[in-house]
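Values in this text are rule-based calculations from the coordinates and carry no lab data. Computed from a predicted model, the values in this text were never measured in an experiment. Here the Cβ is made from the backbone with ideal geometry for all residues, glycine too, and neighbour counts use every protein chain on show.
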Amino acid sequence: MEKRGYSSAVRLHGWNTPGVCGLDNSGNSCYFNAVLQCLCSTVPLVEHLLNKDTHKELCRVAQVFVRLLEEMWLGSSPSCAPVEARSVLCSILPQFNNYSQQDAQELLIFLLNALHDDLKKSQDQNKNCATAAGESTIVSHLFEGQLSYMRLCMHCEHQAHSTQSFTVLSLPIPTSTTKCSIQDCLSLFFEQTTLTGGEQMLCSVCRQRRETAVLTCLDKPPEILVLHLKRWVKQHHLFRVTFISHNLDKQMELCPEWLKGSNHTGSLNMGHYTALCHNTLTRAWHCFDDSAVREVQDNLVQSPNAYILLYTRKPFQKEKSTDVCSFCFHLPS
Ligand SMILES: [Zn+2]
């Protein structure tokens, strides 16, 4: 009984719960902290990076990221300062080397790319390792999806097909309404469009620029789908729109569990980012507001300020028999 009481106290304060760790703000770094929280709650990524076999010969970005994960998942402090992670990132990506508010979506893409490149370098250096597999890394395995495009010449009906990989889908928001759902944004993104005027494309059969119908399809959904809502319109004005639901699962057969997301309030240059992440051990949601962490009830997770959303196709589950990293996923009982 005593143990149970301790456990709920731990959960209440977020102390000693693996993966529930605030991040200190080092001056306008809430966007940085919110993005890190989303990545650090992505259990398959955490498991892979904390696996001892993985971090034998990691390069710089991955090393720093692993050290941060160790603090957040294995440490005992309610918060830590991601100073090293930020300084390494800034040395590689100088555009983030100032203290003005940056865009979280750009950072997320840069960070995933840097981590992917770094892990690939480590794999190449470690070619003897049986797990080294071509161009793919845990980052591309989890976050990379593929879109296919069909372009139809409106004159001769010639079809041209192409594909493109992506890590983040930037969704337009319908302008005709003040309330919409994620489905509305997805429908708009995948809506067939016709390129006319200066946008006409060269048809290889007609050998001329022609009106072209373009149909975009989700060819290969990623394990973890990252959606970015294009809330910024001209002059960086926040596009105020209320999201009425997040039941994306019906349309895309994704996990109904809303994994995590980054919220933004304010304008692009000013404002504040927080992250709402699901902890797979406690099965509880937490709001990460820099170093402050609080538990959030499931029904309060949806936010009208959602900006970046991460969905997983399969719920993250920890089987007791799993040996990989089981040490770091000890749930206080
Ligand atoms: Zn044609």
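Figures for the structure shown
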item	result
Normalised contact order of the range 179-224, rounded percent, pairs of Cα under 8 Å and 6 or more residues apart	34
Net charge contributed by nearby residues that have their C-beta within less than 12 Å of Val168 (K/R +1, D/E -1)	-2
Cβ-Cβ FRET estimate between Thr177 and Cys217, R0 fixed at 35 Å, reported to 0.05	0.90
Fully extended contour minus Cα-Cα distance, from Gln125 to Arg67, at 0.36 nm per residue	18.8 nm
Over 27 Å (Cα to Cα) - which of Lys52/Lys220; Lys120/Lys230; Lys120/Lys314; Lys52/Lys314; Lys179/Lys314 fall in this group	Lys52/Lys220; Lys120/Lys230; Lys179/Lys314
Residue-span extension gain [Glu135 to Arg207] - 0.36 nm each, minus C-alpha spacing	22.3 nm
Positive minus negative residues near Ala85 (Lys, Arg vs Asp, Glu; Cβ under 15 Å)	-3
Chain lengthening between Glu84 and Arg283 when straightened (0.36 nm per residue, less Cα-Cα)	68.7 nm
Simple label model, 7 Å out from Cα along Cβ direction - Asn299 to Asp53, nm	4.5
9 Å beta-carbon shell around Phe96, net charge (K/R +1, D/E -1)	0
